[in-house]
Amino acid sequence: MTTHSHDHPNPYHESERDEATNKAMTERVDKMEALLLEKGLVSKEGIEKLADIYENDLGPMNGAKVVARAWVDADFKQRLLADATAAIAELGFGGLQGEHMVAKENTADIHNVVVCTLCSCYPWPVLGLPPSWYKSFAYRSKIVIEPREVLAEFGTTLSDDVEVRVWDSSAEIRYLVIPEQPEGTENLSEGELAEIIERDSMIGVTKVNAP
Amino acid sequence: MKEERIAKSEIAEMNGSAALPRKSGEMVFHDAWERKSFTLAVSLSEQGLFEWHEFQSELISAIKDAEGEDPDHPSRGYFESWQVSLESLLEKKLD
């Protein structure tokens, strides 16, 4: 159940917990849940529903739809770059922690990448939950100092004349990278484009590949 | 707020949620208790028990504590810090 696959090895995975740690944490969280249920502060149904929404409905495909729209609709892209919060709301996405969105466009000359050096600020409503490597100290510290090396670890090699810009998220501002549209995808529909846009490209650690 | 959320999942379903999600996804929660701790925090903030930024401040300091002098080897994981933050905030809010 907890297996996952990647196209390339990712150096920022957290180690697995041992059973004893898991058992202790499970009991601790269950105890809290029981207390909150007793006080009527949460409901079983409400918890399940929220978990489902964050895992399934607010995943990276919302962000992919935003990027795909920007690729096919130049006016939308301009609105997205001018006021990402409003443009994203046009597509029906918004909510917790995503109020102040800023979009950064990757071009042939500029490559943007996002981090949160303090904790793990992340545009949840468009990208779902942050991947574990995004929260690791290794990524948070190294991407600022050696962005090219970190990008190379994700399989993204940039030529020297490409400027790398690292954006540090905060409680107030969340960044979404608009990756470059790959060559040869001009004839794809907006829906088809959305399917090839992966989460990591919208954090800025990878590029989008043509299918 | 709740209705807004429901509308969002409708948007997702409308576009065939089975087809798109998880393309780039890894399992977002490694262990079941992480998922529960996460949703308890979101749920309580939606009920108005605390503002999200209050929780976030707790989380930032909990992560910093765990990283201590050797940030590459934090004394506990991200969701352990998450749970610690939630417990600490609840203690302040419920008493």
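The values are calculated or read from the model by the stated rules, or taken from the named source; none is laboratory data. Computed from a predicted structure; not experimentally measured. Virtual Cβ from ideal backbone geometry, glycine too; neighbours counted across all protein chains shown. Ligands, DNA and RNA are excluded from the accessible area calculation, which covers all protein heavy atoms including side chains. Shrake-Rupley method; radii C 1.70, N 1.55, O 1.52, S 1.80 Å.
Odds and ends about this structure:
- Surface per residue (accessible, 1.4 Å probe) for the range B:33-95, Å²: 45 Å²
- Straight Cα distances below 30 angstrom link A:Lys23 to the lysines A:Lys31, A:Lys39, A:Lys44, A:Lys49, A:Lys135, B:Lys36, B:Lys64, B:Lys92, B:Lys93, with same-chain residues fewer than 8 positions distant left out.
- Fluctuation leader among A:Glu90, A:Glu105, A:Glu38 - chain A, Gaussian network, Cα springs under 10 angstrom: A:Glu38
- Shielding of peptide A:22-35 by partners, expressed as the average count of other chain Cβ atoms within 10 Å per residue Cβ, is 5.
- Computed FRET value (nearest 0.05) for A:Glu186 with A:Glu105, which takes r as the C-beta separation and R₀ as 22 Å: 0.80
- With viscosity 0.890 mPa s and temperature 25 °C, the Kirkwood radius over alpha carbon pairs of the range B:33-95 converts through Stokes-Einstein to a diffusion coefficient of 206 µm²/s.
- Residue order for A:Asp160, A:Asp200, B:Asp65, A:Asp18 - accessible surface, 1.4 angstrom probe, largest first: A:Asp160, B:Asp65, A:Asp18, A:Asp200
- The alpha carbons of chain A occupy a box of 56, 36, 32 Å along the principal axes, longest dimension given first.
- Dividing the mean sequence gap of close Cα pairs (under 8 Å, 6+ apart) by how many residues chain A holds gives a relative contact order of 26 percent.
- Summed over both chains, the contact between A and B buries some 5500 Å² of accessible surface at a probe radius of 1.4 Å.
- Distribution of pairwise C-alpha distances over the range A:60-125, 5 Å bins, in %: 3, 17, 26, 27, 17, 8, 2, 0
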